[in-house]
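Notes follow the structure.
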Amino acid sequence: MFRDLSFRIKIPLRGLILMGITASVVSAALIFRAYADLRKDIHQNAESLAGVLADSLIPEIGHDNVWRAFGLITAALREPNAELGSQPSFIVVLDTNFRVFVSSHPQKHPMLADLPAREPDFALVIARLRETGANATRLVEPPGSAFFYLAQPIVSDENALGSLILAYPHDMFQPRLRRIVLDALLITLIVVAVMLPFNWYWGSHLADPLVDLAAHMRNASNLPDPAQIRETDSGDEVGQLTAAFKRMLTELREKQYLEQQIVASDRLAALGRLSAGIAHEINNPLGGMLNAVSTLHRHTDLDALATKSLGLIERGLNQIRDTVGALLVEARMTRQALTGEDIEDVRTLALAQKYEHSAALIWRNEVTGAIDLPSTQVRQILLNLLLNAFQATPAGGRVWARVGIQDARLCIEVANEGAAISEDHLPFLFEPFATLRTGGSGLGLWVSYQIVKQLNGMIDATSEEGVTRFRVQLPIGNSAS
Amino acid sequence: MRDPLNPLPGEARQTLWRHTLALALLIFASAAVAADTLRIGLTPVFLDDQVNFLRAWRGYLERELKRPVEFVRRSTYAEIVDLLRQNKLDFAWLCGYPYVTHRDEFDLLAIPVYQGRPLYQSYLIVPANDDRTQSLAGLKGRVFAFSDPNSNSGYLVPQNSLAQMDAPAQDFFLKSFFTGSHRGVIEAVAAGLADGGSVDGYVYDAMARLKPAVIEQTRIVERSPFYGFPPFVTHRRVRPESVRDLRRVLLTMSENAEGRKLLQNLFLDGFARGTPRQYEDIEHIAKSLKRAGRVP
């Protein structure tokens, strides 16, 4: 479950856990150190006290001066050691037979009493004291006892006079230790509390680009506009991911566009084959009918009614033939090559339309000399585009036309001001009868498309910001047969 | 220029005379002063920490005697006795026991009057939580605290009790020790360091008023017969005028307001002339115990 949490939570959470662990470990180490130091302090204090007391007790033990010895050890207990709170609980002086010489608490340790019988701790302490060897203080910590003991032999000129035992409560560290632990806890909490907002902020800072990226990816099937994706300016992996994602989106969109183009092309090609097939089916009987009519017409003996009717039939059939003929575009390769004059001719033809619509024509013809392209077909395309442009532009609007040669291609561009063609219409612009206006055959662009395709060229239309633009590119000297 | 280290001969002799004369005068003066000062020794009969009172008492005595007075305190009777015998003290407030053992050298100066009589008792005390011990016999095999080996109430009396029980002097108790003072005995018994102790009743009563918290932790088991109160003594060689003067001042202390105030601090009524006969009991006991080898 933890794995499915958002990075917005995971990252700060991990940060928090790490902070907690670090703080705990450091605190524990410091507390441990403080505890060790505390013990050492207290032991050292006890040892120095034991040393001083032992020295002072030498004459008193030597002279069996119980009262003075009692005064010394009770004075040591009265000593306010408030800073450490490290006073012994009680002090016992033993004689050379390890019996009580004097105790700060005589009721608990009567003189000459046998201590181990009274308190088991002393058995261990006395056993340690009996160990021959060093005259140093011995630290005795009987397990499970309420006290720990410091035992010091009292020695004068290498003669053992007795022993000194200082007893300390086992939990004398507790108050100090508790304070240290509480301090550490408090500091840790304060530090964590202060760090928390930073942790959250930095975590979010890291997580946000990822979260955004994930959201965009979820939306990716809709192929959104890559410009919408905010690019981080960091060079780290997140930045790289975002840039790569944008590139991928861009390429996907291009692919989608190309696919759409292909689909449109396929549609148009299919339509072309269909219409060609229909046209041929119609043309064949049509030819026969026209011949028959012509034969009838040539023979006389026709009365007025018959002549009129025949004429009617003949006109009707011709109309059918024209219409069908328009569908059936055959790029009859005329030997005539295209020249600059051909193009100017088209301009002349188009100008008539211009005056009708009171539009302005901005003309640029860069073609000089002859070009290896069929002139009739190219003139047909150019004329069609110009006529469409004049039709589409409002009164007083402008039409641009440019013809030139680029990279061994003839480029024709015709643009007009006017209402834009919507994105929904654009893919179907070149289909027969796709026209948006009344009048006209609706076949103009269809025919132009067919011609361009047969010449292995390219035609497209864009419409934006009140300008509709048609572009045609025809490779020169590469016409299909 | 004249060399100060080598003055001209005439001048040298003058300077020498001048210095010698000054030195002689100084020595003579201090000797005179020393000879004039009355030195009084105090023993652990006295509660040791009443410094202000001592200053006041000294002032009173100096005014009355018109001579400087010096109080000397020591922690054992023996030291005071020694100082007195060595002419380092003129007077001392001793106990009856060292007085009778040095009857040939010491004279009675005055005896304090306590609760109307120049007498006092020795108390046998035990810790308050011991409600079983009824007499010295009950302390057999236990720890006992004496005050001073030269004290009547703190040593001689219990030794006498042991003798009367026919008990051995040394091994009757498990362990015994000296605290050096009556106050020490009380404190030792109160703390439980000793199972029992013998103490000057006057000191015990005084402490009951000054430090009742300590007294409350003890219990009186037995009171001894009355004995002569610890006396002020002097050495035979001390000048009779000094003896007379100090005696007079002590005896008249109860007759003036300031003196009475000082006496109140001591819980005493006054001082009386006293006779050696008042210490016959102690002398008798001391002699018989010495003969029996129970005391040195």
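The values are calculated or read from the model by the stated rules, or taken from the named source; none is laboratory data. Predicted, not measured: the structure shown is a model, and the values here were computed from it. As a convention, Cβ positions derive from the backbone with ideal geometry for all residues, glycine included, and neighbour counts pool all protein chains shown. For accessibility, only protein heavy atoms count, side chains too; no ligands or nucleic acids. Shrake-Rupley method; radii C 1.70, N 1.55, O 1.52, S 1.80 Å.
Quick notes on this structure:
- Residue pairs meeting the criteria (Cβ under 6 Å; at least 6 apart or on separate chains; first touching a residue at least 60 places away in the same chain (Cβ under 8 Å), in the stretch A:369-388; second of a type in the set (Ser, Thr, Tyr) and surrounded by fewer than 22 Cβ atoms within 10 Å (Cβ to Cβ)): A:374/A:334
- Single residue of the stretch A:355-369 satisfying the filter (surrounded by fewer than 19 Cβ atoms within 10 Å (Cβ to Cβ) and at pLDDT below 85) that is nearest to residue A:405 (Cα to Cα): A:368
- Checking residue B:197 against (1) open to solvent by less than 40 Å² (accessible area, probe 1.4 Å); (2) more than 14 Å from every other protein chain (Cβ to nearest Cβ); (3) under 21 Å from residue A:113 (Cα atoms), the condition it does not meet: (2)
- Residue within the stretch A:80-91 that is at pLDDT 85 or above, among the β-branched types (Val, Ile, Thr) and either within 24 Å of residue A:44 (Cβ to Cβ) or out of contact with any strand residue (DSSP E or B) (no Cβ under 6 Å at 6 or more places or on another chain) (or both) present: yes
- Cβ pairs under 8 Å, 6+ apart, first in the stretch A:232-257 and closer than 14 Å to residue A:214 by Cα and in a helix (DSSP H, G or I), second open to solvent by less than 60 Å² (accessible area, probe 1.4 Å) and among the β-branched types (Val, Ile, Thr): A:238/A:232; A:239/A:232; A:242/A:229; A:242/A:232; A:245/A:229; A:246/A:229; A:249/A:229
- Here residue A:28 clears all of (1) modelled with pLDDT under 85; (2) closer than 30 Å to residue A:186 by Cα; (3) surrounded by 12 or more Cβ atoms within 10 Å (Cβ to Cβ) except the condition numbered (1).
- Residue under evaluation residue A:119, criteria (1) among the acidic types (Asp, Glu); (2) within 14 Å of chain B (Cβ to nearest Cβ); (3) open to solvent by 40 Å² or more (accessible area, probe 1.4 Å), criterion not met: (2)
Per-residue answers, yes or no, for (1) in contact with a Gly (Cβ under 7 Å, 6 or more places away or on another chain); (2) modelled with pLDDT of 95 or more:
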| residue | (1), (2) |
| --- | --- |
| B:80 | yes, no |
| B:95 | no, no |
| B:125 | yes, yes |
| B:137 | no, no |
| B:141 | no, no |
| B:148 | yes, no |
| B:164 | no, no |
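- If you go through the stretch A:49-63 and keep only what is within 11 Å of chain B (Cβ to nearest Cβ) and at pLDDT 90 or above, you end up with just A:60.
- Among the candidates A:28, A:46, A:23, the residue that is assigned to a helix (DSSP H, G or I) and without any contact (Cβ under 8 Å) to a residue 40 or more places away in the chain is uniquely A:28.
- Every residue from the stretch A:40-66 that is charged (D, E, K, R) and either open to solvent by less than 60 Å² (accessible area, probe 1.4 Å) or in contact with a Pro (Cβ under 9 Å, 6 or more places away or on another chain) (or both): A:60
- Residue in the stretch B:215-230 that is surrounded by 22 or more Cβ atoms within 10 Å (Cβ to Cβ) and either within 26 Å of residue A:105 (Cβ to Cβ) or within 13 Å of chain A (Cβ to nearest Cβ) (or both) present: yes
- Leading residue by the ranking (nearest to residue B:97 (Cα to Cα)) among those in the stretch B:54-80 that are more than 16 Å from the chain's Cα centre (by Cα) and touching a residue at least 60 places away in the same chain (Cβ under 8 Å): B:61
- Any chance residue A:404 is modelled with pLDDT of 85 or more and surrounded by fewer than 16 Cβ atoms within 10 Å (Cβ to Cβ): yes
- Of the criteria (1) closer than 22 Å to residue B:234 by Cβ; (2) modelled with pLDDT of 90 or more, which one residue B:34 fails: (2)
- Listing of strands (runs of 3 or more DSSP E) fully contained in the stretch A:374-466 that carry 2 or more residues being farther than 17 Å from residue A:345 by Cα and polar (S, T, N, Q): A:458-464
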